[in-house]
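A short worksheet on the structure shown next.
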Amino acid sequence: MEQTPEKLDGRVEQVVFRNEENGYSVLRLRVEGEEEPVTAVGCLPGVSPGESLSLTGTWTHHPAYGAQFKAKTAERRMPSGAAAILEYLSSGAVKGVGAITARRLVEEFGEDTLDVLENHPTKLLALPGFSIKRARDISHNFRAQLGMGRLLDFLRRYDLPVDLAMPLYRLYGEEALEEVKGNPYLLTRPELEVPFPAADALAVSLGVDATDPQRLEAALLFELRHNAGNGHTFLTADKLLEATARLLSLEGPASLLGALEDLTRSGQAARETVMGLDCVYLAELHEAEVHVAARLEEMSRMEMEAPAELERTLADIQAAQGLTYAPQQVQAVELAARSQVMLLTGGPGTGKTTSLRGVLTLFERMGLETALAAPTGRAAKRLGELCGREAYTIHRLLEAHFDGKTGKLVFSHDQSDPLKADAVIVDETSMVDISLMSDLLAGLRGEARLVLVGDPNQLPSVGPGALLADLLRSGILPSVSLETVFRQAARSAIVRSAHEIHHGVLPQLKNRGEGDFFFLSRVKSDQAVDTIVELVGRRLPENMGIPSAQVQVLSPTRKGPTGTVELNRRLQEALNPPDPQKPQRAYGSQVFRLGDRVMQVKNNYDAMWTDRAKNESGLGVFNGDIGHVVDVSEDGAGLTVDFDGRQVFYPGDALNELELAYAVTVHKAQGSEYPAVVFACVEAAPMLLTRSVLYTAVTRARSLFVAVGDKRVFARMVENDRPQRRYSALAARLRGE
């Protein structure tokens, strides 16, 4: 049950802790009527001793620090009266003013001291030891302090998140408030993530005209970013102008032409004719696509020196592995020996893993330092297990981190400091978007080799581009496509069904009581959900010996009666119900309970993890990582999640990065493999009921796949081989068109 917000008025006596990145602070407040100062916590950037605060929030109990007031909102009041001003300035709140200088200022100017610092800094020259430069510096620092308070007040007045204050201040300094007032649409920058409608509403309230160039340019950029989120690297100019005109309720696109020209002139967008199309890109996506095409085309023409007696080396590798390679597998390893870049593709059961191990062994025998990488943490873990050595996410390999000044993601390894690796093998390439591939190529030494491995029939990347499909379609990269399903693999109905689905053939759905592929017909949604919960909670553990923890439920959609949101609610209720011995923390409509399976749903490069077993620590948890809640603070303020041994603490305001993960969408399951998969095969949006979604769901299962739902939906998914087209020009650029 949520507490009723309370109000707390007090004067700041001490700043115990402050995170300069996000403004989270722990303060000691002197409250009238209280003998001892009270502790207040929350997003309170820039607050200093001597200031008066009016806070609204709730009381919580920290297991180590006792009672704390958790502030949701704060109204700041600068100190008044000579004594309070002296305390404020003596605290070091204003850079350049210490205790002695503070006393001299207050003795000279009294209650007018703060007004002098803000508006009349030349009056400071009357004091001994004050030069023009020192007076200006102190005044500048004080105005910066005031600016943060006014920025916070502005954000609260317009119902904008107060945690925007720190990133805005990093971007614009003491001019942040004036910058926002001058152009409210800068809030839609990727680093700030304010939705366009919210920024537009603010702009209207500040009197921005409907045809103001700032508004038009911001709307065009919003449409480009929105469609990049749907996988497009560009939009044709006519589609962009039409969509933006609808967004802004303009009569037609003609009024946007000047704004589009201004965006390209300023370098925020790029416009180019490719494939006969008038294409408009976000500048960074245009740069990425051009870079990837140029670098891969150059690498594709480079023939590397193969080791002497390659045939004998291949025979030795096969003997060591106790295998005899099929002709295509031999071809793959030989191609890796001679090529700087190559593609290795294939579906389940075609020997892709064996070929990958062969390439890795060959590189090691050639004395090449080889790095293994994948787009997600789970995919990297699986790759490492298959190859018997450590694999990294691409972000971790390149040492991703946020630039505190710009708020942007940067990589330690790029053209100026490339990776030491002589070769990089990337698995699950279908999941890599155009921007990440550009960053990876920038981090490779000029002579380094690159092997890209993937299944082209899986879903494309969540981010912009259709990388693997474009590389194959271009036809210019050396490649081997493994197509023959090995006899042993063909015994699996999962493997057979996946290949049948790929070829548009409806698999055998009549259950014979044996095998690893089953379909349970449940036409009604409520019946399907009941059956899924029963399978995971009782039938699979009791009848097939598969623990619930090894079963992953997949759905095409988040929404609706069989979407992941409702499935997670029901599965949590069945598998981890409320218990007085299990602390929990509510966040929005979700409840996180001790023992829950959860997923990280956005990249957080600054989250700190610790691995006590390995005595290691580091930064970064990534979209799609799945773990378990292993601790919930007694006061409910936060919780700790274990991601395969790496433990991460989430304070209450970071719980928006987590979702329950008893059920996940097929898109979120990309790159993962589970012992058993239960798939909700039910009605959803037509764009989600596609062959590639079904194929990806089936190929996530290692030992058992059970579909529950409507056979007609299953058949429709097999037939629907019309995935949404993605605007990408990579293939054309590679071909030089």
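The values are calculated or read from the model by the stated rules, or taken from the named source; none is laboratory data. Note that the coordinates shown come from a computational prediction; the quantities given were computed from them, not determined experimentally. Counting neighbours? That spans all protein chains shown, and the Cβs are built from the backbone with ideal geometry, glycine included. Just the protein is used for accessible areas: all its heavy atoms, side chains included, with ligands, DNA and RNA removed. Shrake-Rupley method; radii C 1.70, N 1.55, O 1.52, S 1.80 Å.
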*Taking A270 as meeting all but one of (1) under 26 Å from I394 (Cα atoms); (2) open to solvent by 10 Å² or more (accessible area, probe 1.4 Å); (3) hydrophobic (A, V, I, L, M, F, W, C); (4) in a strand (DSSP E or B), write down the number of the exception.*
(1)
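Take the conditions in contact (Cβ under 8 Å) with a residue 60 or more places away in the chain and surrounded by fewer than 23 Cβ atoms within 10 Å (Cβ to Cβ) and apply them to D606. Does it pass? Working first, answer last.
Numbers: in contact (Cβ under 8 Å) with a residue 60 or more places away in the chain: yes; surrounded by fewer than 23 Cβ atoms within 10 Å (Cβ to Cβ): yes.
Against the criterion (in contact (Cβ under 8 Å) with a residue 60 or more places away in the chain and surrounded by fewer than 23 Cβ atoms within 10 Å (Cβ to Cβ)), D606 qualifies.
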*Identify, from the list T324, T233, the residue that is among the hydroxyl-bearing types (S, T, Y), touching a helix residue (DSSP H, G or I) at 6+ places or on another chain (Cβ under 9 Å) and buried (at least 16 other Cβ atoms within 10 Å of the Cβ).*
T233
*Unique match (being part of a loop (DSSP other than H, G, I, E, B), within 21 Å of N230 (Cβ to Cβ) and of a type in the set (F, W, Y)) among Y695, Y727*: Y727
*Hey, can you tell me all the residues within the range 668-691 that are farther than 19 Å from G627 by Cβ and out of contact with any Phe, Trp or Tyr (no Cβ under 9 Å at 6 or more places or on another chain)?*
A680, V682, E683, A684, A685, P686, M687, L688, L689, T690, R691
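Among the strands (runs of 3 or more DSSP E) confined wholly to the range 505-590, which include 1 or more residues that are free of Cβ contacts under 8 Å to residues at least 60 places away in the same chain? Lay out the reasoning, then the answer.
Values: elements: 517-521, 551-555, 584-587.
By residue number, 584-587.
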_In the range 698-724, residue modelled with the lowest pLDDT [restricted to those that are touching a Phe, Trp or Tyr at 6+ places or on another chain (Cβ under 8 Å), among the basic types (K, R) and not in a loop (DSSP other than H, G, I, E, B)]_ = R702
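Do the conditions hold for A243, that is, is it under 21 Å from R726 (Cβ atoms), surrounded by 12 or more Cβ atoms within 10 Å (Cβ to Cβ) and out of contact with any Lys or Arg (no Cβ under 6 Å at 6 or more places or on another chain)?
Details: under 21 Å from R726 (Cβ atoms): yes; surrounded by 12 or more Cβ atoms within 10 Å (Cβ to Cβ): yes; out of contact with any Lys or Arg (no Cβ under 6 Å at 6 or more places or on another chain): yes.
Judged against the criteria, A243 is a match.
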*asked:* Please verify whether S255 is open to solvent by 70 Å² or more (accessible area, probe 1.4 Å) and within 22 Å of V204 (Cβ to Cβ), treating the condition exactly as stated.
replied: no
*Which ones in the range 172-202 are under 24 Å from K408 (Cβ atoms), under 29 Å from the mean Cα position of the chain (by Cα) and among the small types (G, A, S)?*
G173, A176, A198, A199
*Among (1) surrounded by 16 or more Cβ atoms within 10 Å (Cβ to Cβ); (2) more than 25 Å from L186 (Cα to Cα); (3) charged (D, E, K, R), which single condition is E303 missing?*
(1)
*Six or more apart or on different chains, Cβ under 9 Å: which pairs go from a residue in the range 614-634 that's touching a residue at least 60 places away in the same chain (Cβ under 8 Å) and farther than 25 Å from A374 by Cβ to one that's not acidic (D, E) and not in a strand (DSSP E or B)? Could you list them?*
S633/P63; S633/P583; S633/G652; E634/P63; E634/P583
_Residues within the range 609-639 that are on the phi > 0 side of the Ramachandran plot, surrounded by 15 or more Cβ atoms within 10 Å (Cβ to Cβ) and out of contact with any helix residue (DSSP H, G or I) (no Cβ under 7 Å at 6 or more places or on another chain), tallied_ = 1
*Can you name the residue in the range 307-321 that is open to solvent by 70 Å² or more (accessible area, probe 1.4 Å) and part of a helix (DSSP H, G or I) and, of all such residues, is nearest to I476 (Cα to Cα)?*
E311
*Among (1) under 34 Å from the mean Cα position of the chain (by Cα); (2) surrounded by fewer than 19 Cβ atoms within 10 Å (Cβ to Cβ), where does L535 come up short?*
(2)
*Tell me which of these L472 doesn't satisfy, since it passes every other one: (1) in contact with a helix residue (DSSP H, G or I) (Cβ under 7 Å, 6 or more places away or on another chain); (2) open to solvent by 50 Å² or more (accessible area, probe 1.4 Å); (3) not in a loop (DSSP other than H, G, I, E, B).*
(1)
*In the range 583-603, what residues are open to solvent by 60 Å² or more (accessible area, probe 1.4 Å) and closer than 18 Å to R558 by Cβ?*
Y587, G588, S589, K602
*For residues that are polar (S, T, N, Q) and under 30 Å from P580 (Cβ atoms), scanning just the range 590-646, find the one that is modelled with the lowest pLDDT.*
S633
*Under 6 Å by Cβ, and 6 or more places apart or on different chains, what pairs join a residue from the range 233-257 that is within 18 Å of P197 (Cα to Cα) with one that is modelled with pLDDT of 95 or more and part of a strand (DSSP E or B)?*
L240/V280
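For the range 644-653, give me each residue that is open to solvent by less than 20 Å² (accessible area, probe 1.4 Å) and either closer than 22 Å to V565 by Cβ or of a type in the set (K, R) (or both). First the steps, then the outcome.
Pass one, the range 644-653, residues open to solvent by less than 20 Å² (accessible area, probe 1.4 Å): 648, 650, 652.
Correct list: Y650, G652.
Here's a check for you: in the range 609-640, which residue that is in a strand (DSSP E or B) and within 17 Å of S672 (Cβ to Cβ) is nearest to the chain's Cα centre (by Cα)?
Of the residues in the range 609-640, the ones in a strand (DSSP E or B) are 609-611, 616-621, 626-632, 638-640.
Among the residues that remain, those that are also within 17 Å of S672 (Cβ to Cβ) are: 621, 626-628.
Details: V621: 9, I626: 13, G627: 16, H628: 19 Å.
Checked the range 609-640; the qualifying residue nearest to the chain's Cα centre (by Cα) is V621.
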*List the pairs whose first member sits in the range 687-714 and is farther than 18 Å from L567 by Cα and basic (K, R), whose second member is part of a loop (DSSP other than H, G, I, E, B) and open to solvent by less than 10 Å² (accessible area, probe 1.4 Å), and whose Cβ atoms are under 8 Å apart, counting only residues at least 6 apart or on separate chains?*
R700/V666; R700/A669; R700/S672
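Does at least one position in the range 484-495 carry a residue that is under 27 Å from G620 (Cβ atoms), hydrophobic (A, V, I, L, M, F, W, C), open to solvent by 20 Å² or more (accessible area, probe 1.4 Å) and touching a residue at least 24 places away in the same chain (Cβ under 8 Å)?
Initial filter on the range 484-495 (under 27 Å from G620 (Cβ atoms)): none.
So far as the range 484-495 goes, no, none of its residues is under 27 Å from G620 (Cβ atoms), hydrophobic (A, V, I, L, M, F, W, C), open to solvent by 20 Å² or more (accessible area, probe 1.4 Å) and touching a residue at least 24 places away in the same chain (Cβ under 8 Å).
Within the range 340-367, how many residues turn out to be of a type outside the set (V, I, T) and assigned to a helix (DSSP H, G or I)?
Of the range 340-367, the ones of a type outside the set (V, I, T) are 340, 342-344, 346-349, 351-352, 355-358, 360, 362-367.
From the residues that got through so far, the ones that are assigned to a helix (DSSP H, G or I) too are 352, 355-358, 360, 362-365.
Qualifying residue count, the range 340-367: 10.
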*asked:* Exactly one of these conditions fails for S497: (1) assigned to a strand (DSSP E or B); (2) touching a helix residue (DSSP H, G or I) at 6+ places or on another chain (Cβ under 7 Å); (3) small (G, A, S). Give me its number.
replied: (1)
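Condition test on A442, is it open to solvent by less than 10 Å² (accessible area, probe 1.4 Å), hydrophobic (A, V, I, L, M, F, W, C), modelled with pLDDT of 95 or more and farther than 30 Å from A697 by Cβ? First the steps, then the outcome.
On the way: open to solvent by less than 10 Å² (accessible area, probe 1.4 Å): no; hydrophobic (A, V, I, L, M, F, W, C): yes; modelled with pLDDT of 95 or more: yes; farther than 30 Å from A697 by Cβ: yes.
No; evaluated as a whole, the condition is false for this residue.
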*asked:* Of everything in the range 275-293, what is of a type in the set (A, V, I, L, M, F, W, C) and either surrounded by fewer than 16 Cβ atoms within 10 Å (Cβ to Cβ) or in a helix (DSSP H, G or I) (or both)? Give them in sequence order.
replied: M275, A283, L285, A288, V290, V292, A293
*Consider P195 carefully, then state whether it is farther than 30 Å from G96 by Cα, modelled with pLDDT under 90 and loosely packed, with under 14 Cβ neighbours inside 10 Å.*
yes
